[in-house]
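These notes are about the structure you will find just below.
Read the figures in this text as sums done on the coordinates, not as results from a lab. A quick note: this is a predicted structure, and the numbers were derived from the prediction, not measured. As a convention, Cβ positions derive from the backbone with ideal geometry for all residues, glycine included, and neighbour counts pool all protein chains shown.
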Amino acid sequence: MSSQTRCFFSRLNYSRTQISNICSSLSGLGNWLVMLARRL
């Protein structure tokens, strides 16, 4: 594999990790909002 291809794949993997992190934090925020709404 050439270095360019490897760089591209590592960048792709990094962005995928970022997306999953964002999704998990959003779902955590949603759970927190639901908990807050139940208390009211």
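Quick notes on this one:
- Each peptide in 32-40, 8-16 was scored by the mean count of other Cβ atoms within 10 Å over its residues; highest first, the order is 8-16, 32-40.
- Nearest-ten-degree value, helix 3-39 long axis tilted from longest Cα axis of the chain: 0 degrees
- Based on the convex hull around the alpha carbon atoms, the chain presents an average projected area of 2.3 nm².
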